[in-house]
Amino acid sequence: MEKSCTLLIHFDKGTPAIANEIKEALEGNDVPAKIDAMKKAVMLLLNGETLPQLFITIVRYVLPSEDHTVQKLLLLYLEIIEKTDLKGRILPEMILICQNLRNNLQHPNEYIRGVTLRFLCRLNEAEIIEPLIPSVLQNLEHRHPFIRRNAILAVMSIYKLPQGEQLLVDAPEMIEKVLSTEQDPSAKRNAFLMLFNCSHDRAITYLLTHVDRVSEWGELLQMVVLELIRKVCRTNRGEKGKYIKIIISLLNAPSTAVIYECAGTLVSLSSAPTAIRAAANTYCQLLLSQSDNNVKLIVLDRLNELKSSHSDIMVDLVMDVLRALSSPNLDIQRKTLDIVLELVTPRNINEVVLLLKKEVMKTQSGELEKNGEYRQMLIQAIHSCAIKFPEVASTVVHLMMDFLGDSNVASAIDVIVFVREIIETNPKLRVSIITRLLDTFY
């Protein structure tokens, strides 16, 4: 268990596959049987079996296969077998594997090249990787973006190995050149990620040189840029000014994920009212524009955090937050009301109560099965507002009394408690409330 593990698959060991059966299937010409046997071999290895007798069979009968699934399973097998002896030296039979990997890196099929490059990202043995480096570097200029993307990731993984800087001395310069000419968004993102992880200063220089173009970059690259900005500003707080301009320019990006990350980055880097207001406005826009309920709930959590630390700014956005009540989801409605009730002030109470009254009226006409529960939440919210601001009681009490006979018993009880409280605290309203009560009893 002390070894690092790159692959984890559930395997029920109820019916153990016998090594001889796997060997026979691998030696045959039946591709589906070969695939099944390779899967069983991988599962057994992951569960602690050693299967040393399979290695030569796999070298003879599986390595030459052109089937994509067989090749993918072969790479999984190579990923998990022991490649070193007890003293940490590379096993001699790994030379056979090296030759196969080199052939794969020059294979005419793009898929086989790409998955082999991805496999190299999970290899830690410098002796196996070293002879393959020229083939990896050739793939940086391949015409197919899938191969270039994975070649860049392979270069990054090799460079990050303990002795990687000796294996690939000028990797950052090479990747910087690739970044300046690359057109594919994913490959460009991988190249910038490599500089971000392996040559921080180059990544910053590239970003500041192309600062006017950031808003035109793809979503993937913009996400890495935001990660870089957060990292730079955490280590050097004095640099914040020039980076906040980049974040604000990205608030208008077409990607929702980028906008969300921008708002979060702004809040973490600055407590200036303009920055917080921009972030809060962004969250409110996301709350209304996104149809996914999970996204709405996450955004409401962010607004709730802002409410705790910047309530003075959030008070101005109460009506924007309240528009989330249009969602039919009860959890969203509940969270929205919880946030709003803490932001009610004498300045906005009338607007808030007016909107809550409209929502209560909507529940009378709607046919939704959860209307009763939603109405109860609204009644409790109005009750809470009337206790905080007694002057609004007179505007809502008669509306509330329409629900004294509500089919939702809990809702009706809430109304009764509310009416009783108003009679107690507002002598002026007593006559009209009691007259209405007597009418309602019939």
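The values are calculated or read from the model by the stated rules, or taken from the named source; none is laboratory data. A quick note: this is a predicted structure, and the numbers were derived from the prediction, not measured. Glycine gets a Cβ as well: all are built from the backbone with ideal geometry, and neighbour counts include every protein chain shown. Please note that ligands, DNA and RNA were not included when accessible areas were found on the heavy atoms of the full protein model with its side chains. Shrake-Rupley method; radii C 1.70, N 1.55, O 1.52, S 1.80 Å.
Numbers at a glance
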{"quantity": "Evaluation of Glu141 against (1) over 27 Å from Gly28 (Cα atoms); (2) in contact with a Pro (Cβ under 6 Å, 6 or more places away or on another chain) (one fails), failing number", "calculated": "(2)"}
{"quantity": "Tabulated pairs, segment 325-343, first over 13 Å from Met377 (Cα atoms), second small (Gly, Ala, Ser), C-beta under 7 angstrom, 6+ apart or interchain", "calculated": "Leu343/Ser311"}
{"quantity": "Total residues in segment 125-137, condition among the aliphatic types (A, V, I, L, M) and not in a helix (DSSP H, G or I)", "calculated": "0"}
{"quantity": "Segment 385-431: number of residues that are over 52 Å from the mean Cα position of the chain (by Cα), surrounded by 14 or more Cβ atoms within 10 Å (Cβ to Cβ) and modelled with pLDDT of 80 or more", "calculated": "0"}
{"quantity": "Some residue of segment 49-71 being open to solvent by 40 Å² or more (accessible area, probe 1.4 Å), under 20 Å from Leu153 (Cα atoms) and of a type in the set (D, E, K, R)", "calculated": "no"}
{"quantity": "Matching residues in segment 283-313 - criterion: being open to solvent by 40 Å² or more (accessible area, probe 1.4 Å), among the charged types (D, E, K, R) and within 16 Å of the chain's Cα centre (by Cα)", "calculated": "Asp292, Asp301, Arg302"}
{"quantity": "Elements of type helices (runs of 4 or more DSSP H) in segment 327-442, at least 3 residues being of a type in the set (Phe, Trp, Tyr)", "calculated": "none"}
{"quantity": "Of all residues in segment 111-129 being under 35 Å from the mean Cα position of the chain (by Cα) and open to solvent by 50 Å² or more (accessible area, probe 1.4 Å), the one that is farthest from Tyr159 (Cα to Cα)", "calculated": "Tyr111"}
{"quantity": "For Ala33: the one exception among (1) at pLDDT 90 or above; (2) open to solvent by 80 Å² or more (accessible area, probe 1.4 Å); (3) of a type outside the set (Val, Ile, Thr)", "calculated": "(2)"}
{"quantity": "Extreme residue, modelled with the lowest pLDDT, among residues of segment 372-384 that are out of contact with any Leu (no Cβ under 7 Å at 6 or more places or on another chain) and open to solvent by 10 Å² or more (accessible area, probe 1.4 Å)", "calculated": "Gly372"}
